[in-house]
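What follows is a short report on a single structure.
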Amino acid sequence: MSRIAKHPGPRSLDDLTRAGLTSPGEHDALAPVAARYAIAITPDMAALIDRSDPADPIARQFVPTPAELDRRPEELDDPIADTAMSPVKGVVHRYPDRVLLKAVHACPVYCRFCFRREMVGPGGEGLSGTELDAALAYIAGDPAIWEVILTGGDPLVLSPRRMADLLDRLGAIDHVKVARVHSRVPVVDPDRLEPAMVAALAGARQSLWLAIHTNHVRELTPRAEAAIGRLRRAGVTLVSQTVLLRGVNDDAATLAALFRRLVELGVKPYYLHQADLAPGTSHFRTSVAEGRAIMARLRRTLSGLALPVYIFDPPDGSGKVPLDLGLDPFPAA
């Protein structure tokens, strides 16, 4: 049995207290948060948290706070309209040539800013065998679908066997030329990228891209970097996604350190996301003006290889808006 299987990390308020990440005195204030939103922190991320620093950027991403109960009027359970754009269960068809496929709803960690926080968690409803068949039949039935993006939840919580089977079934659909996997796993739970999982990803019949979600350079531990190296050596093409988060990475120097290190590891910074209007996440959101100012500083100091596109997914489901084009989804911000 692997170390990760023996020690899954904190998954409850009691676990957080035992790990020294919360105090017993905070339990009553945090109980309603834990009742509403899932908690999970992997051993890799728990080990990074500086317990002496109340503003630690790793803790801020994963340790619940009472601020999550502060729901603003503009916040939405489904802030990018996944449900409205879902023709069959598990598929989101927002763009003509690509779809999201959400086979699982579980994650190895539960980020406190997650835009799907109302949909994911322990016991979260993934796709049954029949539902997965229907989702794949929908994809097979639309020859305009060129790319399938595996998301969730985190698709890399699937077993290597199930991942290989899913990619093989997608590979049998002739018009699907690209498969993309969106995952936190390489940085938060690198042990999952065991040889069998790497082989499953590398064995995809179509072009396979993996988008790594990482928000702070401290997440790129030696173990995470080793997992990224295994993927690269297997021929998996790597890009990254980062969410702009107040108190975590909302300054140019912090983001520059992350983006430079990613490029050094062979990962192209792809998107910098304006934080979505998920419930209870206002304490994470910066203004668009702040994000643009940060991007302006990054453009003056970073190689083009290290620059992501600054984007926002509007709640009408219309698709990503590049915020550097002068379009502002928050005119009052």
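Derivation of every value follows stated rules applied to the coordinates shown; laboratory data play no part. Computed from a predicted model, the values in this text were never measured in an experiment. Ideal geometry is used to build each Cβ from the backbone, glycine not excepted, and the neighbour counts take in all protein chains shown.
Miscellaneous remarks
- Potential extension, residue 194-residue 168 segment - 0.36 nm per residue separation minus Cα distance: 7.5 nm
- Listed values for segment 157-173 are Karplus-derived 3J(HN,Hα) couplings in whole Hz (6.51 cos²θ - 1.76 cosθ + 1.60, θ = phi - 60°), namely 7, 4, 5, x, 5, 5, 5, 4, 5, 5, 5, 5, 5, 5, x, 7, 8, and x replaces Gly and Pro.
- Put simply, when 146-153, 227-234, 26-33 are sorted by average Cβ atoms within 10 angstrom per residue, most first, you get 146-153, 227-234, 26-33.
- On full extension, the segment bounded by residue 293 and residue 11 gains 97.8 nm, given 0.36 nm per residue less the C-alpha separation.
- Ordering 303, 52, 240 from the fewest to the most neighbouring beta carbons within 10 Å gives 52, 303, 240.
- Alpha carbon convex hull of segment 83-325, projected area averaged over orientations, nm²: 12.4 nm²
- Distance between segment 23-40 and segment 177-237 - C-alpha centres, whole angstrom: 32 Å
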